[in-house]
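The values are calculated or read from the model by the stated rules, or taken from the named source; none is laboratory data. No experiment lies behind these values; they were computed from the predicted model shown. Reconstructed Cβ throughout: ideal geometry from the backbone, glycine too, with neighbour counts over all protein chains shown. When the accessible area is computed, the model is the full protein with side chains, heavy atoms only, and any ligands, DNA or RNA have been set aside. Shrake-Rupley method; radii C 1.70, N 1.55, O 1.52, S 1.80 Å.
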Amino acid sequence: MKRSKHHFKFFQYVGDTPIVSTKIKILAVFITLILLSTFSTNLIAITLSQRKVIQLQNVVLVGKLTELFNTANSQKQIEAYSQDTQASLDALTQAAKKGFTEMDVNSVALAVRPNGMILFFASPNENVKWDMFSDKAALDKMDSTENKQGSLYFTGPDGYEYFGVYKFHETWFSYIIRANRVQDTNRAMFKVLGITVVLVLVMAIFFVFMGTKILDGLLSNIKNISMQLYDMQQSQTLKPINLEGAPNDDITYLAANFNSLSSTIDNLLKIFQKFVPANVVRKAHQDQIIKLEGKQCNLTILFSDIKSFTYRTEVLGNDIIGLLNVHYDSVIKKVNEHSGVIGSIIGDAILASYGIEDYSTSNKSYDAIKSAWEITAVTAELRNKMKIRREVLERERKLTESEERVYEAVMLDVGVGIDGGSVFYGNIGSFERMANTVIGDNVNSASRLEGLTRMYKVPVIVSEYIMNDAMKDPEAKARYVFYEIDTVQVKGKTEGVKIYFPLDKDCACPDWSYSLLNEKFEKFEAGLAAYYKGDWKSARRNFKLSKLAVADIFLERMGLKSAPAGWSGIWEITTK
């Protein structure tokens, strides 16, 4: 007959298979083990105690035998004078009876000759009376011992087993024996064992009750873990199960394994995040899919490039990778610290976007400029370390030509260009291979502005859009002075754009100190204003007074000429 799943209320069934509660299994094993453990432990303890009792009993019997033996010596001397053997034996019997205690209920004391004849016999139990010693094997054993003394087990004429000690008395020509009934000793042991069994059962019942209560608390952990897993499923977020206060059982172990798996997945996400932006990782995890999609965003784009990279690669060879990693380790940290998202690393250049992260409330252009100056500062710090190392080496010897080339190659210098505006941001490619990127004219413009840092000999160049956007932030307005550098028409464009150098009043680079450069740039600005108006003579004078490297390009551009006819102030750049 097919079993109903409600056939027994004690079990739940999956088909015909009963589901036994984990608590019942644990209790069954717990009860069995605790009973076996307790009984075996106590039995061993009682057995060992019994051995000890026998040893102590042996010592007591030897002492009492010695007293009786000495009495036998005395009575033998008395018997020699009185010639009354029975009186001496009666005296020995009385002396033996006086040696019994309340514990010696069925003990015996006797003298037996090798043929089994008993000379005297004494016992506190009046019902115990022996006429002959019937255990011939015990007699043979006593007779075979070398010094005629020792201990032995024997069976009395009454059929009980005894344990005692003996010693041969030559003048009485008999073995004087002092013995206790083994049954009395065993009875005491069984009494202790019975009490132990009762105590074990009582304690087992108590501990089973306590174990049931404890298990109820321990297994409540399952519900806690299940609820957390349910919450994770509903929220679609992967996070470790909170095991605070959880017991160290197999359920907690499973939860810990889940946490380990969760940690592994989290590590994979972090590895994934090293190759793609963090926001893409979060969205992929949330949607469980990466889509080919994008949208128009108003972003700030930072482009940073290492100058003279080809030369450095030729000199350093494979070692350029190590140098790049040292450089990018600092650069990427600075970008991330200011809410920037690394879009791509292209050899010696990085592209970063600001304003992508929804949680960021700071001014994106201000963040980009801060990153630009910190990139400049860490690169300058790296160069300074190289200088110090060179000075240390040159104290010992002059650098070789090869070492000079390596030194020049590791003296990294970067340029940073920043522009912004409306760009396309998203995933492009195919479902087999895709990339997260930003596309737009302003992205290309940031790259071109970085290229202009080489021409104008400044570390950072920004567009007019960046200046206007950053100046909306009061902190940026107080911290930076935006000096106009030029109005240029880059290749591929039909209109001129103003470019700016944002000098940081808090700059950590000594070469770009505000106190050192502000007055010089004011002269440069005056020269630039005259340059735009076509008053190149006045422009040359102010450019020379500024003593700035950026002014040299204008002096070279103007030469000794006057401004051309129809001069608009826009300089067309024919290279990228």
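Would you work out the charge dipole size for region 494-547 about its Cα centre, treating the Cβ of every Lys and Arg as +1 and the Cβ of every Asp and Glu as -1, and quote it to the nearest 20 debye? List each step's numbers first, then the result.
Values: 10 positive and 8 negative charges, 86 e Å.
About 420 debye.
The H on the amide N of Cys507, modeled in the peptide plane, is under 5 Å from the matching H of Tyr514, each at least 5 residues off or on a different chain. Residues whose amide H falls under 5 Å from that of Ser344, counting only those 5 or more places apart or on a different chain, are Leu351, with hydrogens built in the peptide plane. Of the residues Thr487, Gly451, Leu399, the one whose Cα sits farthest toward the positive end of the charge dipole of region 398-518, with +1 on the Cβ of Lys and Arg and -1 on the Cβ of Asp and Glu, is Thr487. Under the simplified labelling scheme, the Lys97-Ile44 pair shows an inter-label distance of 4.8 nm, with each label point 7 Å from Cα along Cα→Cβ. Residue ranking by accessible heavy-atom surface, 1.4 Å probe, largest first, among Ser260, Ser339 comes out as Ser260, Ser339.
Evaluate E = 1/(1 + (r/R0)^6) for Asn325 and Lys505, where r is the Cβ-Cβ distance and R0 equals 35 Å; express this FRET efficiency to the nearest 0.05. FRET efficiency, Asn325 to Lys505: 0.60. Once backbone amide H atoms are built at 1.01 Å from N, Phe120 has Ala111 as its partners under 5 Å, excluding neighbours fewer than 5 places away on the same chain. The DSSP beta bridges internal to region 443-576 are antiparallel in roughly 85% of cases.
Of the residues Ile177, Thr196, Ala138, the one whose Cα sits farthest towards the positive end of the charge dipole of region 121-204 is Thr196 (charges of +1 on Lys and Arg Cβ, -1 on Asp and Glu Cβ, taken about the Cα centre). Model label points for Ala349 and Asp84, set 7 angstrom from Cα along the Cα-to-Cβ axis, are 13.9 nm apart.
Remark: spin-label model distance Glu475-Val208 equals 7.0 nm, labels positioned 7 Å along the Cα→Cβ axis. At a 1.4 Å probe radius, carbon and sulfur cover how many percent of the accessible area of region 517-576? Exposed carbon and sulfur together represent 52 percent of the surface. Summing Cβ point charges (Lys, Arg +1; Asp, Glu -1) relative to the Cα centre of region 366-490 gives a dipole of roughly 420 debye. Using only side-chain charges placed at the Cβ, +1 for Lys and Arg and -1 for Asp and Glu, the dipole size of region 108-152 relative to its Cα centre rounds to 40 debye. Placing unit charges on the Cβ atoms of the charged side chains and taking the dipole of region 67-214 about its Cα centre, the candidate lying farthest along the positive direction among Val105, Tyr81, Leu119 is Val105.
Would you please state which residues of region 106-131 a label at Phe190 would reach in this model, taking the label point 7 Å out along Cα→Cβ and a backbone N cut-off of under 19 Å? Counting backbone N atoms under 19 Å from the label point, the list is 106-107.
Whole-Hz Karplus values for region 142-158 come out as 4, 5, 8, 6, 5, 9, 6, 8, x, 10, 6, 9, 8, 9, x, x, 7 Hz, taken residue by residue from phi with 6.51 cos²θ - 1.76 cosθ + 1.60 and θ = phi - 60°; glycine and proline positions read x.
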